[in-house]
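The values are calculated or read from the model by the stated rules, or taken from the named source; none is laboratory data. Just so it is clear, the structure is predicted and the values come from calculations on it, not from any experiment. Backbone-built Cβ (ideal geometry, glycine too); neighbour counts: all protein chains shown.
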Amino acid sequence: QQQVKQSPQSLIVQKGGISIINCAYENTAFDYFPWYQQFPGKGPALLIAIRPDVSEKKEGRFTISFNKSAKQFSLHIMDSQPGDSATYFCAASIPNSGGYQKVTFGTGTKLQVIP
Amino acid sequence: SAVISQKPSRDICQRGTSLTIQCQVDSQVTMMFWYRQQPGQSLTLIATANQGSEATYESGFVIDKFPISRPNLTFSTLTVSNMSPEDSSIYLCSVVGRATEQFFGPGTRLTVL
């Protein structure tokens, strides 16, 4: 069962533009929502994360907007640069009985920023 | 943060053979996770490995196909057994740091012919 839906699958943005990636979740028990950035040949790396008690979090050019009632969250990349070209995964996690956060990943968005 | 290395970084294997992937972490961690990322797809958790206990497998993954060892707090191995072309994927090792941040290794790219 797909619990975190991500769109779009791919995105092309002009340099300096805004990249927007959207995610929706089903399980209201999720309590942590990270975004990961993955470059070819590398493992995913945490980019920014938010908890559901906050509606927005900004770190540099990256902003997460969170709508708890709609069960949606999105990543905004301001002033997009060619170096931002990568695959982005949203994720949602829930405390597990084994004592760790069980993470469910979205399907990924391949972003290409063109000069 | 945690620095994770994996060996091999990539391999091409024949159908029916097995491959063992090693994961080394630069600090002691309680839990290590193994993920599979099929080409152009998302990450799927295979199993969680605790030191000193049997690994816990997710639905759709079994120990006979993906045996895992966790001999100490900085090392784990994942074996992909009796491989078929459908096992061609990137296999990622992961650990959790403080405040739930998850760190990933660079991955092992496996191609099965």
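Each row is one residue, and each column tells you yes or no for (1) touching a Ser or Thr at 6+ places or on another chain (Cβ under 6 Å); (2) at pLDDT below 95.
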position: A:Gln1; (1), (2): no, yes
position: A:Val13; (1), (2): yes, no
position: A:Ser19; (1), (2): yes, no
position: A:Ala24; (1), (2): no, no
position: A:Phe30; (1), (2): no, yes
position: A:Arg51; (1), (2): no, yes
position: A:Arg61; (1), (2): no, no
position: A:Asn67; (1), (2): no, no
position: A:Ala70; (1), (2): no, no
- Item | Selected residue (criterion: nearest to the other protein chains (Cβ to nearest Cβ)) from residues of segment A:81-96 that are part of a loop (DSSP other than H, G, I, E, B) and touching a residue at least 12 places away in the same chain (Cβ under 8 Å) | A:Ser85
- One residue from B:Leu78, B:Leu73 being surrounded by 14 or more Cβ atoms within 10 Å (Cβ to Cβ), aliphatic (A, V, I, L, M) and touching a Phe, Trp or Tyr at 6+ places or on another chain (Cβ under 7 Å): B:Leu78
- Which one is farthest from the other protein chains (Cβ to nearest Cβ), of the residues in segment B:85-113 that are within 17 Å of B:Arg15 (Cβ to Cβ) and of a type in the set (Gly, Ala, Ser)? B:Ser88
- State whether the residues of segment B:6-27 include one that is in a loop (DSSP other than H, G, I, E, B), hydrophobic (A, V, I, L, M, F, W, C), within 14 Å of chain A (Cβ to nearest Cβ) and surrounded by 15 or more Cβ atoms within 10 Å (Cβ to Cβ). no
- A careful count of residues in segment B:42-63 that are within 12 Å of chain A (Cβ to nearest Cβ), part of a strand (DSSP E or B) and farther than 15 Å from A:Asn96 by Cα gives 2
- Those residues of segment A:6-46 which are in contact (Cβ under 8 Å) with a residue 12 or more places away in the chain, touching a Leu at 6+ places or on another chain (Cβ under 8 Å) and outside any strand (DSSP E or B) amount to A:Pro44
- Among the residues of segment B:66-84, is any within 11 Å of chain A (Cβ to nearest Cβ) and either within 21 Å of A:Gln101 (Cβ to Cβ) or assigned to a strand (DSSP E or B) (or both)? no
- Query: How many of the residues making up segment A:97-115 are out of contact with any Lys or Arg (no Cβ under 9 Å at 6 or more places or on another chain), facing chain B (nearest Cβ under 7 Å), surrounded by 17 or more Cβ atoms within 10 Å (Cβ to Cβ) and not polar (S, T, N, Q)?
  - Reply: 4
